[in-house]
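The values are calculated or read from the model by the stated rules, or taken from the named source; none is laboratory data. Since the model is a prediction, treat every value here as computed from it, not as a measurement. No Cβ is skipped: glycine too gets one built from the backbone with ideal geometry, and neighbour counts run over all protein chains shown. Protein only, heavy atoms only, side chains kept; ligands, DNA and RNA dropped before computing areas. Shrake-Rupley method; radii C 1.70, N 1.55, O 1.52, S 1.80 Å.
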Amino acid sequence: MVKRLPCHIVLVALVLCTAAVAQGPPSTNFDESKVGSYTLPDPLAFNDGQRVLSASEWMERRRPQILKVFEEDVYGRSPHPPKTLRYKVFDKDKKALGGEAIRKQVAIRLTRKKRGPVEDLLIYTPAGAPRPVPMILTLNFSGNQAVIDDPGIKLPMLWDRNTGTRERAPESSRGSDPNFEVRKVLARGYALGTIYYQQIDPDFKGGYKDGIRPLFLAPGEMEPAADEWGAIGAWAYGLSRAMDYLEKDKDIDARRVAVMGHSRLGKTALWAGALDTRFAMVIANCSGEGGASLMRRNYGETIRNLIEVFPYWFDANFQKYAGHADLLPVDAHELIALIAPRPVYVTAAEDDQWADPRGEFLACVAAGPVYRLLGAQDLGTDQMPPLNQPILHTIAYHIRTGKHAVTSFDWDQFLAFADLHFRARQ
């Protein structure tokens, strides 16, 4: 008899192996000399070619133009938020983690329907810290119970991406996610909020049927239209609904919430930050193609690779740019620019060439003119920094040693970046 691995183990293995082992098909280019030439669209040129000359012109006219293209041709249009937020705080422990934190768990309904899908937001706030506190909000791959070994966290139903089935997370999965350092975040005076991303929309082909997107289909539609949201848009929608709740939580300073994500959830963090300006900071860790990496660069993962494996992450219109990234009217630098003038941190890893670390850096450089126009700092250089030497301006970037993961080094830099920008806003 073949013994089936618990689905949380399968999921973690898929996430790590996809990034660390599958470095692309034989045709993938990892030679910088073979990247070729490309021309980036100018974020400070209106569609008619006229120049953007002021911050108001950017905010009122040019930014909406760029956002519209991303909505129509990349991530898809998302529905309007519900007029009334429905939620229930179903757990509160004032002496969690041995007295280090206050734990709160909140069930947030994602639609107006009473029996609609629910996302569980897990919140830890540092015990004894003056209220309200700033927060790092992030989605997680393996369930809330995996971020730290705490018996009080509700065990969720986890999706198995191979079989499209669900089962209850086992007790053994508590604290099994190596990407989280909850105690480090709390020790610096920050709250941590997290949600299991597949509660919002399952992450496999056809999984949307069990997610939130079918609940927003127009009459007669069997699936989202070509310009309507993919899974990344759905996950970003879930982050914004968490933000709706955080605005009501007196323990959290909703003016100082950073949205953070890793890999596909780094793409999601960037898109959530572009759509929802309430997020005061965006942190995208190893987000790669379809995230912070320039799509026009022929290096590592390409649009074709994304579409062949994960077409459901994006809207159907995005598929026509497979092999034709030069025809896409926007690129990753403009996604970063949509976050301006708010702080944004893009990270890369030396061994994660699939995600094109240089392409991520160059996207940050190319977003610089928008940040400067709005009176914020750009990177201050067009030369990639040495390994493990972060640039922490309003746009921040680092490439570190190691693989596709969230490491202790990354968390140290995220917290330093938050200190730099959030402490001044107390």
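Modelled label positions at Asn47 and Leu327, each set 7 Å beyond Cα in the direction of Cβ, lie 1.9 nm from each other.
Between Asp93 and Glu32, what length in nm is gained on full extension when 0.36 nm per residue of separation is reduced by their alpha carbon distance? Display every interim value, and only then the final one.
Numbers: separation 61, 0.36 × 61 = 21.96 nm, distance 5.24 nm.
Difference between extended and current length: 16.7 nm.
Can you give me the orientation-averaged projected area of the convex hull built on the Cα atoms of region 20-163, in nm²? Dividing the Cα hull surface by four gives the mean projection, 16.4 nm².
Take the chain with all the other protein chains still there, run a 1.4 Å probe, and you get 40 Å² of accessible area per residue. Taking 7 Å steps out from each Cα toward its Cβ at Ser408 and Gln383 produces label points 3.2 nm apart. Of the GluC sites (Glu not before Pro) found in region 285-359, the ones in coil according to DSSP and having at most 13 other Cβ atoms within 10 Å of their Cβ are Glu350.
Pop out the carbon and sulfur fraction of the accessible area of the chain as a percent, whole number, probe 1.4 Å.
Details: 8790 of 17060 Å².
So the carbon and sulfur contribution to the accessible surface is 52 percent.
Please state the shape class of region 259-339: rounded when a/c is under 1.5, otherwise prolate if a/b exceeds b/c and oblate if not, all from the C-alpha gyration tensor. It is prolate, given that a/c is not under 1.5 and a/b is the larger ratio.
Express the Stokes-Einstein translational diffusion coefficient of the chain in µm² s⁻¹, to the nearest whole number, given a Kirkwood radius over alpha-carbon pairs, 25 °C and a viscosity of 0.890 mPa s.
Details: Rh = 21.7 Å.
Translational diffusion coefficient: 113 µm²/s.
Each residue, Glu167 and Ser54, gets one label point 7 Å from its Cα in the Cβ direction; the gap between the two is 6.3 nm.
Once the piece of chain linking Asp351 and Thr401 is laid out straight, how much longer is it, given 0.36 nm per residue of separation minus the C-alpha distance between them?
17.3 nm
For the pair Leu374 and Arg131, what calculated FRET efficiency results from E = 1/(1 + (r/R0)^6), where r is the Cβ-Cβ distance and R0 = 35 Å, to the nearest 0.05?
Here the calculated transfer efficiency is 0.65.
Gain on full extension, evaluated as 0.36 nm per residue between Lys250 and Asp210 minus their Cα-Cα distance, stands at 11.1 nm.
Using the structure shown, list the pairs from Lys114/Lys267; Lys184/Lys205; Lys104/Lys403; Lys154/Lys184; Lys154/Lys248 with a Cα-Cα distance above 27 Å, or answer none.
From Lys114/Lys267; Lys184/Lys205; Lys104/Lys403; Lys154/Lys184; Lys154/Lys248, over 27 Å: Lys114/Lys267; Lys184/Lys205; Lys104/Lys403.
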